[in-house]
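Written below as structure tokens is the structure these notes are about.
The values are calculated or read from the model by the stated rules, or taken from the named source; none is laboratory data. Remember, predicted model here, so these are calculated numbers, not experimental data. Here Cβ is always computed from backbone atoms with ideal geometry, including for glycine, and neighbour counts include all displayed protein chains.
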Amino acid sequence: MPVTLKDVAARAGVSRSAVSRTFTDGASVSRKTRIKVEDAANALGYAPNALASSLTTGRTKLIGLIVNNFQNPLILEVFDLFTRGLQDRGLRPLLVNLSDATDPAASVRMLRQYSVDGVIVASSTLPSSFAVAFKRAGLPVVHAFGRPSVSPAVHVVGIDNVACGRMAAEALLQRGYRRLAFLGGPEAATSTQDRAAGFLDALRARPDVAVSISFASAYTFDAGRAEMQRLLASPAAEAYFCGDDLLAVGALTAIAEAGLSVPQDIGLIGLNDMEMARWQNIGLTTIRQPVAQIIDAAIDLVVTTIQTPDRPAENRLFPCQVIDRATLR
């Protein structure tokens with residue numbers, strides 16, 4: 001039989017309410033009683049029931065983690081860091097898959113059923129309306145990898161995608177490329193729009209540079225490969241800024257299938273610096289997004305917002321850097 005709160009109380013020689021207070025954050029209990037209860041609990045192998053505790057405190061310690069692109073290997077790293085970061089703070093993740101989701105209201109209803117204490121939207125492709133819907137429902141929310149704004153409606157943690165677009169253009173110009181192209185993800189994604197805008201902005205004052213833009217259907221390997229195959233049917237650019245590492249790896253495959261080589265015939269630069277970009281057979285030059293810092297900041301913001309619900313929304317943006325490998329000359 002599992003050890004109960006009653007068993008601990010009997011062994012410690014205290015009331016059941018004293019045991020309950022000992023395991024309730026912020027509850028008043030004397031040091032002497034706490035030591036007796038903890039010693040009894042350790043001896044019996046007792047662990048408090050988190051669900052029962054939530055009925056007393058009104059807090060489930062559940063944080064809804066909203067993700068919508070499980071085809072991208074970066075999500076595995078994001079999920080790993082988020083779950084460990086939440087658990088280290090005594091919180092529990094509730095993973096919600098919103099792939100192909102279009103209705104924020106349905107997502108709000110789902111998370112309300114589980115009485116989550118807060119929500120982290122971890123997506124660069126879900127529109128900001130999803131995060132805003134959670135806030136309007138009274139849920140503390142942070143949009144990780146979201147689009148910053150001058151007056152954000154919710155907390156946003158991520159990178160300046162416009163600056164990353166400029167960074168990619170400057171990296172290609174420095175290496176002598178003059179026929180450049182942007183191969184983005186879904187055209188409707190704000191991350192795609194901002195990366196394209198920064199890329200074009202950096203090249204606007206360069207009449208000696210030819211530039212083109214195209215979009216893949218998704219941030220996936222297959223979509224990147226298919227779009228590069230289409231592009232290679234016409235005269236190709238000298239170098240491509242792929243708006244995601246997975247797109248870049250797909251493009252790299254299509255280039256090799258066409259009998260061309262990287263970087264001798266075509267140069268590639270990606271964005272994210274996911275694990276496979278570092279693999280020796282890929283060696284992708286890319287722009288590193290500080291994923292661990294973004295996730296840590298997102299968790300910090302959702303925790304502080306739970307404690308202070310009227311905290312003003314803010315942007316927290318982290319700098320990126322070009323990581324040189326083998327796909328640019």
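Under 9 Å between Cβ atoms, which residue pairs at least 6 apart in sequence (or on different chains) link something in region 137-151 that is in contact (Cβ under 8 Å) with a residue 60 or more places away in the chain with a partner that is surrounded by fewer than 20 Cβ atoms within 10 Å (Cβ to Cβ) and part of a strand (DSSP E or B)?
P148/N315; P148/R316; P148/L317; S149/N315
Anything in region 152-188 that is part of a strand (DSSP E or B) and surrounded by fewer than 17 Cβ atoms within 10 Å (Cβ to Cβ)? List them, or say none.
Within region 152-188, R179 is the sole residue that qualifies.
What pairs come up if the first residue lies in region 296-315 and is under 12 Å from D117 (Cα atoms), the second is modelled with pLDDT under 95 and acidic (D, E), and their beta carbons are under 6 Å apart, counting only those six or more places apart or on different chains?
Correct list of pairs: I306/D117.
Which of the numbered conditions does T327 fail, given that it passes all the others? Conditions: (1) modelled with pLDDT of 95 or more; (2) outside any loop (DSSP other than H, G, I, E, B).
If we test T327 against (1) modelled with pLDDT of 95 or more; (2) outside any loop (DSSP other than H, G, I, E, B), just (2) comes out false.
Conditions tested, residue by residue: (1) at pLDDT below 90; (2) surrounded by 13 or more Cβ atoms within 10 Å (Cβ to Cβ).
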position	(1), (2)
D88	no, no
V96	yes, yes
T125	yes, yes
S128	yes, yes
V141	no, yes
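Quickly run through region 1-33 and pick out the residues that are surrounded by 15 or more Cβ atoms within 10 Å (Cβ to Cβ), part of a helix (DSSP H, G or I) and not hydroxyl-bearing (S, T, Y).
L5, D7, V8, A9, R11, A12, A18, V19, R21 - these are the residues of region 1-33 that are surrounded by 15 or more Cβ atoms within 10 Å (Cβ to Cβ), part of a helix (DSSP H, G or I) and not hydroxyl-bearing (S, T, Y).
Residues in region 259-282 that are over 18 Å from G185 (Cβ atoms) and either buried (at least 16 other Cβ atoms within 10 Å of the Cβ) or touching a strand residue (DSSP E or B) at 6+ places or on another chain (Cβ under 7 Å) (or both): how many?
So the answer is 5.
Restricting attention to region 245-256, does a residue exist that is among the acidic types (D, E), more than 30 Å from R311 (Cβ to Cβ), in the same structural domain as E275 (by TED's automatic domain parsing) and buried (at least 23 other Cβ atoms within 10 Å of the Cβ)?
Checked against the condition, which is being among the acidic types (D, E), more than 30 Å from R311 (Cβ to Cβ), in the same structural domain as E275 (by TED's automatic domain parsing) and buried (at least 23 other Cβ atoms within 10 Å of the Cβ), region 245-256 yields at least one hit.
Find the residue count for region 301-321, including only residues that are surrounded by fewer than 17 Cβ atoms within 10 Å (Cβ to Cβ) and either farther than 18 Å from P290 by Cβ or charged (D, E, K, R) (or both).
Residues that pass the stated criteria total 8.
In region 222-263, what residues are closer than 19 Å to S212 by Cα, assigned to a loop (DSSP other than H, G, I, E, B) and out of contact with any Ser or Thr (no Cβ under 6 Å at 6 or more places or on another chain)?
L232, A233, S234, P235, A236, A237, E238, D244
Output the residues belonging to region 211-227 that are touching an Asp or Glu at 6+ places or on another chain (Cβ under 9 Å) and without any contact (Cβ under 8 Å) to a residue 60 or more places away in the chain.
Across region 211-227, the qualifying residues are S214, F215, A216, S217, G224, R225.
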